[in-house]
Number of protein chains: 2
Amino acid sequence: MATIKDVAKKAGVAVSTASYALNGINKVSSATVEKVLKAAQELNYQKNGFASDLKRAKTNTIALILSDLSGPYFSELIKGVQDVTVSNGFDLVACSSVGGPKSTATKFLKEKRVDGAIVLANNITTDVIKASARKDFPIVVLDRKVDSPYVIHAEVNNYKGGYDAASYMLEKGHRSIAYVSGPLDSHDNEERFKGYRQALTDFDVTYQSRWKLTGNFTREGGYRATKTLIAQQNLPDGIFYANDEMALGGLQAFQEKNIRVPEDISIIGFDDIQISSYVQPPLTTIRQPKYEAGSLAVHLIFQMLAGEEVEKTYKLATDFIERQSVKNK
Amino acid sequence: MATIKDVAKKAGVAVSTASYALNGINKVSSATVEKVLKAAQELNYQKNGFASDLKRAKTNTIALILSDLSGPYFSELIKGVQDVTVSNGFDLVACSSVGGPKSTATKFLKEKRVDGAIVLANNITTDVIKASARKDFPIVVLDRKVDSPYVIHAEVNNYKGGYDAASYMLEKGHRSIAYVSGPLDSHDNEERFKGYRQALTDFDVTYQSRWKLTGNFTREGGYRATKTLIAQQNLPDGIFYANDEMALGGLQAFQEKNIRVPEDISIIGFDDIQISSYVQPPLTTIRQPKYEAGSLAVHLIFQMLAGEEVEKTYKLATDFIERQSVKNK
DNA sequence: CTGTTAGCGCCTTCAC
DNA sequence: GTGAAGGCGCTAACAG
């Protein structure tokens, strides 16, 4: 691996000259530049990114930290992040937090291998976020609140979304509505649940804890939760799944038992992932502005990096997407 | 930002001792370790990842380079890569190649910010790949052939997949079969097309160039290609879309014109992305073993890194997935 | 077990 | 316009 020294030697100049030439700094004669470039070419020289980052103390890249790089939900978010990152001349790396404290994600956070980060990954602890954020290393969290001057919190209005979902069913005449929940430690889930409960209260239906099941935000979890609901014999009028993936799992469970949606039971989801409009019946759901969330997050990072004052909290509106999985009772 | 020097000073030891203590190297007394850790804690010390990578000349991370981090196709691939990467104690970063030569991806490749890379991104030039790969920086390419001792080529048997798709329609009595192609410079696309042509030949139907359209592997492209096909009035018996996304676009075009699939025209896709089984009608397609491709790719990288001899080329089998978008003529 | 020291590869002030 | 030299933060011989 050729270094800048080799290049300098081969070109017969000093390293500094080589450096200037290589970085296009207007300080060397074009003849010298020529020589250096030629030498670099011949040696197949590639600069070592670490060394230069180390020196510059800046990486020009921001990290997007997700609990799962795969998964349909993140696609649009990533696009939003990516678009504005590259248009600002920064690089974007996405990394997964699987592995928790010893994941790539944690390392990026702790060892500051990037200039800023966006996190949407419940298995990253708030502690590391707090310990990592600094003036020159702002973090935007999408899935929790963190009390620190250098972390900003942007979230979708989960409460309202949950409220909308439940009240829609209520308005349609449903009285008993089950809630299939995400992970209990999820802030998003919590808010959706609160909205749901408030809607029940406002419509004078009393909340029954037997109708709260846990589905962990996964398709499999939704499937299992639905199975247990079915096994209990006494089905509610409708089910509010705290995300679409779980609703899809539920749909499958119903199909297997020949229970028709929405004729026999209504369901509603949350997120509006792409597939939701394709399933049978098309899923009524609450759309999250995923692209917007992503682009907002990066914008905030750039503002922080530029030293501008920004709000600490942002709330994005949800949309109600009416399709065909809820019937008129 | 505290450095290891500060920690050492505060703990009253030499930097090397601090380094040993911090890295858990069994060389210092537990009392000293204690002291150092405490000092680090108090100074909120975080090690600088660059500096240590620079020194070690090793990053323990591998990069996955994709043309588009979003997009349904990549989900499973990523999972495969991720699973084996983390189980080997390495980190994984995904980066996008949007921006081409000046993308994050190119920088990772050229400046060797990682120990190995997997690329599936047609906008990264083969030149860059060739120039970057070295003994201690193996690259696995999933979408082309590269002639270099340090790059390995793993691909799905696109030829056979294309052949299977076309001959299936042929067997079902279809005579005229259009081909909606991906980007012309795509190796995968080329192979699929060759398979398709061979099938035509084997079934004694002559290839007609008017039935080759370009759809660019995008939903939008498939939609437009299908529109032009419809506009030509004379529809073929069936269409082979070189990927599922385009087939989905085609499906939409047909729906808009009230042309029924498969009654009026048969279609078949390639990839078997998740959504394909949910659309109406469920899409007959060729499945690519995406998870396997991903995990194979990383395995190969680790083998190369370990200095083992490996084959230069791997071919993964496709599966034929029969659903309901092709009729019996 | 602990401290001293020499770089890793690059950038950048400072003289010339 | 060019070269010498110092140092970014860390690790790993090597001595003691």
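Rule-based calculations on the coordinates, nothing more; no lab input. Fair warning: this is a prediction, and the values are worked out from it, not measured in the lab. Heads up, the Cβs are rebuilt from the backbone with ideal geometry, glycines too, and the neighbour counts pull from every protein chain shown.
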The relative contact order of segment A:158-288, taking Cα pairs under 8 Å that sit 6 or more residues apart, comes to a percentage of 24
Within the under-12-Å Cβ sphere about A:Lys130, not counting A:Lys130, Lys/Arg +1 and Asp/Glu -1 give a net charge of +2
For B:Lys9, the lysines lying under 20 Å Cα to Cα, once residues fewer than eight places off in the same chain are dropped, come out as B:Lys27, B:Lys35, B:Lys38, B:Lys47
Quick note, the protein assembly as shown: a/c under 1.5 would make it rounded; otherwise a/b > b/c is prolate and the rest oblate (a ≥ b ≥ c, C-alpha gyration tensor); here it is oblate
Once the in-chain neighbours fewer than 8 apart are removed, the aspartates and glutamates whose Cα is under 13 Å from A:Lys102 read A:Glu111, B:Asp91
In the structure shown, of A:Lys110/B:Lys79; B:Lys110/B:Lys130; B:Lys58/B:Lys107; A:Lys55/B:Lys55, the pairs separated by more than 18 angstrom at the C-alpha atoms are A:Lys110/B:Lys79
Exposure proxy check on B:Arg287, A:Arg197: fewest-to-most Cβ neighbours within 10 Å is A:Arg197, B:Arg287
For A:Met169, B:Met304, ascending order of other Cβ atoms within 10 Å (fewest first) is B:Met304, A:Met169
As a percent rounded to 5, the proportion of antiparallel DSSP bridges among beta bridges in segment A:173-327 is 20
The answer for the longest stretch of chain A without any exposed GluC sites (Glu not before Pro) (DSSP loop, at most 15 further Cβ atoms within 10 Å) is A:1-262
Percent antiparallel among DSSP beta bridges confined to the protein assembly as shown, nearest 5, equals 15
Looking only at aspartates and glutamates whose Cα falls under 17 Å of A:Lys10's and that sit 8 or more positions away or on another chain, we get A:Glu34, A:Glu42
So the number of lysine pairs in segment A:134-261 with alpha-carbon atoms under 19 angstrom apart, 8 or more residues apart or on different chains, is 9
Restricting to Cα pairs under 8 Å and 6 or more apart, the percent relative contact order of chain A works out to 16
Taking chain A and counting helices only, DSSP H stretches of n ≥ 4 at -39,500 (n - 2.57) each over all residues, the nearest-500 ellipticity at 222 nm comes to -13000 deg cm²/dmol
Projecting the Cα atoms of B:Phe270, B:Val114, B:Thr318 onto the charge dipole of chain B, where Lys and Arg contribute +1 and Asp and Glu -1 at Cβ, the residue farthest towards the positive end is B:Val114
Rounded to the angstrom and largest first, Cα extents along the principal axes for chain B equal 85, 39, 32
Going fewest to most other Cβ atoms within 10 Å around each Cβ, B:Thr104, A:Thr125, A:Thr61 line up as A:Thr125, A:Thr61, B:Thr104
Among beta bridges assigned by DSSP with both residues in chain A, the antiparallel ones amount in percent, to the nearest 5, to 10
Shape call for segment B:170-220, from the Cα gyration tensor axes a ≥ b ≥ c (a/c under 1.5 means rounded, otherwise prolate when a/b beats b/c, else oblate), comes out prolate
Within the under-10-Å Cβ sphere about A:Gly49, not counting A:Gly49, Lys/Arg +1 and Asp/Glu -1 give a net charge of +2
